[in-house]
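Data first, discussion second: the structure below is written as structure tokens.
The values are calculated or read from the model by the stated rules, or taken from the named source; none is laboratory data. Everything quoted here is computed from the prediction, not taken from an experiment. All Cβ positions, glycine included, derive from the backbone under ideal geometry; neighbour counts span all protein chains shown. These area figures cover heavy atoms from the full protein model, side chains too; ligands, DNA and RNA do not enter into them. Shrake-Rupley method; radii C 1.70, N 1.55, O 1.52, S 1.80 Å.
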Amino acid sequence: MDKKLINKGIRSDGRKLDEIRPMIIKAGVIDRADGSAYVEFGTTKVIVGVYGPKKVHPRHMENSQKAILKFRYNMIPFSVYDRKRPGYDKRSVEIAKVVADAFENAIFLEEFPKSAIEVDMEIIQADAGTRVAAITAASVALADAGIPMKGLVSSVAAGRVEGNIALDLTKDEEDVSDAIDLPVAMIPRTGEITLLQMDGDATVEEIEQIVKMAEKGCKDIEKVQIAALLEKYTTKGTN
Ligand code: UDP
């Protein structure tokens, strides 16, 4: 009695296959950080704070040619159904690494030699897509901190559910047997893809369709990121 999640191209939450969950992006939500952002993709909720460019500790880590990036990804205990043990684990360290790689070519690191840019990504609530929501938030937070970049990095996952190519999978969709999920990050302004991950099996045609759908999703997300930054910087000082 398997209940299908997708019927005639409509998903269990009412979305079409190429639709992103309701999205909220806010820039500059924390006063203490140099830059910050909040992102919701449906019930996945992420907050990011950026510090820097600042001095590198320990000093031997500094690079005389460019800034170093220190990304941290953390799921807070109540972000998932079974309370998550506090602290970093193998998965969070791996995600922080791939997220940092997604920004390495986007940020003009050479402008800040011997310094560090720290990005703390906190997952408040998880319903799949936390790394892509975190990248989307980190990008806005970096821009809010005034860090120069080639363009914003925008990110979303696309995949296959019950044989359909679909955008922005929920946890229920990801958990369907045979589902695959490809997180993609890109700089829409230049067209560069800066993150592409995948587990599971897919045909070349499927991967092409999935990446194309994710690219379109990233372009739509960039518009909302820009709107969030404009909202902060055009309303500031009016109170
Ligand atoms: N998840 C969880 N507990 C964990 C890790 C993940 O419940 O310790 C859930 C959570 O909803 C997460 C989803 O599994 O969003 C998918 O995790 P994945 O590692 O694929 O990363 P994500 O899609 O969040 O980037």
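Could you list all residues from the range 124-161 that are farther than 16 Å from Gly217 by Cβ, more than 8 Å from the chain's Cα centre (by Cα) and within 15 Å of the ligand (Cβ to nearest atom)? Answer for the range 124-161, where residues must be farther than 16 Å from Gly217 by Cβ, more than 8 Å from the chain's Cα centre (by Cα) and within 15 Å of the ligand (Cβ to nearest atom): Ile124, Gln125, Ala126, Asp127. The residues listed here are Val98, Val93, Val56; of these, the one that is modelled with pLDDT of 95 or more and closer than 25 Å to Gly191 by Cα is Val98.
So that you can scan it fast, the table gives a plain yes or no per residue for (1) part of a strand (DSSP E or B); (2) of a type in the set (Ser, Thr, Tyr); (3) open to solvent by 50 Å² or more (accessible area, probe 1.4 Å):
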site: Arg21; (1), (2), (3): no, no, no
site: Ile25; (1), (2), (3): yes, no, no
site: Ile30; (1), (2), (3): no, no, yes
site: Ala33; (1), (2), (3): no, no, no
site: Val46; (1), (2), (3): yes, no, no
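Filtering the range 188-214 to residues that are within 22 Å of Glu94 (Cβ to Cβ) and either open to solvent by less than 30 Å² (accessible area, probe 1.4 Å) or in contact with a helix residue (DSSP H, G or I) (Cβ under 9 Å, 6 or more places away or on another chain) (or both) leaves Ile193, Thr194, Leu195, Leu196, Gln197, Met198, Ala202, Ile210, Val211, Ala214. For the range 72-79, the condition holds for no residue, the condition being that it is more than 16 Å from the ligand (Cβ to nearest atom), modelled with pLDDT of 95 or more and not charged (D, E, K, R).
Suppose the filter is away from the ligand (no atom under 16 Å from the Cβ), among the small types (Gly, Ala, Ser) and either open to solvent by less than 60 Å² (accessible area, probe 1.4 Å) or at positive phi (or both); does Ala67 pass it? Yes.
Of the strands (runs of 3 or more DSSP E) lying entirely inside the range 87-195, those carrying at least 1 residues that are in contact with a Pro (Cβ under 9 Å, 6 or more places away or on another chain) are 115-125, 154-161. Can you work out which of the residues in the range 70-86 that are touching a residue at least 24 places away in the same chain (Cβ under 8 Å) and in a loop (DSSP other than H, G, I, E, B) is most open to solvent (accessible area, probe 1.4 Å)? Restricting to residues being touching a residue at least 24 places away in the same chain (Cβ under 8 Å) and in a loop (DSSP other than H, G, I, E, B), the top hit is Val80.
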